[in-house]
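Worksheet: one structure, shown below.
Where a number appears in this text, it was derived from the coordinates with a stated rule and is not lab data. Values in this document were obtained by computation on a predicted structure and should not be read as measured data. All Cβ positions, even for glycine, are placed from backbone atoms using ideal geometry, and neighbour counts span all protein chains on display.
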Amino acid sequence: MTRTTKETSVTVEIALTGGGIHVETGIGFFDHMLTALAFHAGFGLNVRAEGDLTVDGHHTVEDVGIVLGQAFREALGGGAGIERFGHACIPMDESLGFAAVDVGGRAFLQFDAPVPDVMLGGYDASLSKEFFRAFCHNASVALHLRVTGENAHHMTEALYKACGVALRHACAPRDAAGVASTKGVL
């Protein structure tokens with residue numbers, strides 16, 4: 001998937017069944033978070049983004065969330081043969097991140113993550129909510145994120161890793177045929 005605007009150019013390739021991971025957004029800490037998410041999800045992921053970083057990272061982070069969400073939705077297809085739901089609790093030293101996800105076709109984000117509003121390298125910690133909101137809306141997933149802790153780096157990383165593990169569980173093969181829905185479709 002590719003998205004090009006006057007502010008950004010983003011290309012994302014995703015393989016839900018694994019593969020290499022290469023992320024290049026121009027924001028080092030964000031690259032680290034996307035790599036952690038993909039690694040713990042068990043996804044193959046290639047992200048290339050160029051944005052107006054002289055302004056700030058907002059457009060780049062949000063647009064990567066948009067395109068990653070679109071690519072995830074396309075890769076998921078109709079959702080046949082997967083578990084659909086996933087959750088994870090991930091400790092990072094003093095921090096504890098929790099994620100619960102439903103990839104069932106309805107977009108929603110519950111974000112209870114009072115991460116200190118600081119810069120982590122070139123990454124504004126307040127942009128995590130923007131990334132996850134854009135991802136959820138474009139992937140059509142419901143995602144609940146919570147974190148406790150003190151260190152913004154640990155708290156943010158716990159959120160991204162928890163999201164990755166929850167997505168891995170949601171996309172895991174299901175024993176029963178068809179989709180995991182009494183409606184018969186996701």
In degrees rounded to 10, the 0-90 angle between helix 152-170 Cα long axis and the longest Cα principal axis of the chain is 20 degrees
Hey, what angle do you get for helix 28-41 against the long axis of the chain, alpha-carbon based, 0 to 90 degrees rounded to 10?
20 degrees
Contour minus Cα-Cα distance for residue 48 and residue 148 (0.36 nm per residue):
32.9 nm
Can you tell me the 0 to 90 degree angle between the C-alpha axis of helix 127-139 and the longest principal axis of the chain, rounded to 10?
30 degrees
Suppose we keep just the DSSP beta bridges with both residues in segment 2-170; what percent of those would be antiparallel, to 5?
75 percent
Show the residues, 5+ positions off or on another chain, whose built amide H is closer than 5 Å to the amide H of residue 22.
45, 46, 47
Compute the label zone of residue 9 within segment 52-80: residues whose backbone N is under 16 Å from the point 7 Å along Cα-to-Cβ.
52-54, 60, 64
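DSSP loop (so not H, G, I, E, B), at most 12 other Cβ within 10 Å: list which trypsin sites (Lys or Arg not before Pro) in segment 99-166 pass both filters.
Of the trypsin sites (Lys or Arg not before Pro), the ones in loops of segment 99-166 whose Cβ has at most 12 other Cβ atoms within 10 Å are 106.
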Under the Karplus curve 6.51 cos²θ - 1.76 cosθ + 1.60, θ = phi - 60°, whole-Hz ³J(HN,Hα) for segment 9-21, x wherever Gly or Pro sits:
9, 10, 10, 10, 10, 9, 10, 5, 9, x, x, x, 10
Checking the a/c ratio against 1.5 first, then a/b against b/c, what shape does the Cα gyration tensor give for segment 2-170?
oblate
Computed over the chain: relative contact order in percent, which uses C-alpha pairs under 8 Å that are six or more apart:
28 percent
Of the residues 17, 25, 60, which exhibits the maximal mean-square fluctuation in a Gaussian network model of the chain defined by a 10 Å Cα contact cut-off?
17
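Kindly provide the helix-only [θ] at 222 nm of the chain, computed as the sum of -39,500 (n - 2.57) over DSSP H runs of four or more divided by all residues, to the nearest 500 deg cm²/dmol?
My calculation for the chain gives -11500 deg cm²/dmol from helical runs alone.
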